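Notes follow once the structure below has been shown.
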Amino acid sequence: MGEEKNSGRTPGSDPVDTRFWQSAHTFEWVQPKVAGSFVLMSEGRELGTMAQPSRLRSVWHGESAFGRWEFRAAGMWSRRSEVSDLSSGHLRASYLMRWHAAEGILTLPDGPSFSWRQKSWIRGTCLFLDTNDRVVLEVRRGRLGGGRRFSDLFRTQGTISTNPGTLEPLTLGLLVFVAWFLIIVQNEETAAVAATTAAVG
């Protein structure tokens, strides 16, 4: 299959996009040729983008039908992360990592909280669970079918599965982005540890 084509429209500009989020349950984060950017796809449709405005900071900007957000890692070893609205600056979510990047708690202001857990290190699978320990989202590294092109092997890409109807579209849309941001943070932490080990060794 060839490269996905950008329709030229703003992600989520289609008026039926919100209803699509309610019915779709599998999404893919695809990394195009340009480093530092990702495209969110589902059933051949572009639903959003995530890009790094500067390679010097752990800050990412996301855009979908539900708005434009800034994802920022802060604190020692990026233990704390915040999601804010790019237009108003209002806090949309905060994440506190536990002892490593694969576990933590995501809290929405005046809303629910979700646990982030690593299901399988070998398969690169992580979960978001609600307060009843019910899985609401699962993210797995790699695309559907294990990658469609040889070049996919050298890109950071992932597949997200959700349980339809368990979340409001806006909350689901935000969690799909937060989950991918946390995968990015995990990759950065792994690279930092590897670089430190190599320097010491």
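Hey, can you tell me all the residues within the stretch 42-58 that are in contact (Cβ under 8 Å) with a residue 24 or more places away in the chain, surrounded by fewer than 19 Cβ atoms within 10 Å (Cβ to Cβ) and not in a loop (DSSP other than H, G, I, E, B)?
Selection gives 45 alone.
Of everything in the stretch 59-93, what is of a type in the set (S, T, N, Q) and surrounded by 15 or more Cβ atoms within 10 Å (Cβ to Cβ)? Give them in sequence order.
Going residue by residue through the stretch 59-93, those that are of a type in the set (S, T, N, Q) are 64, 78, 81, 84, 87-88.
Scanning the stretch 59-93 gives 64, 78, 81, 84.
Filter the stretch 105-117 down to residues that are part of a strand (DSSP E or B) and in contact (Cβ under 8 Å) with a residue 40 or more places away in the chain and give me whichever is nearest to residue 131 (Cα to Cα).
Applying the filter and picking the extreme gives 114.
It is to be established whether one or more residues within the stretch 160-169 are modelled with pLDDT of 65 or more and more than 25 Å from residue 65 (Cβ to Cβ).
Looking for residues that are modelled with pLDDT of 65 or more and more than 25 Å from residue 65 (Cβ to Cβ), one finds none in the stretch 160-169, hence no.
The values are calculated or read from the model by the stated rules, or taken from the named source; none is laboratory data. Please read these numbers as outputs of a predicted model, since none were measured by experiment. Because the Cβ atoms are built from the backbone with ideal geometry, glycine has one as well, and the counts that use them run over all protein chains shown.
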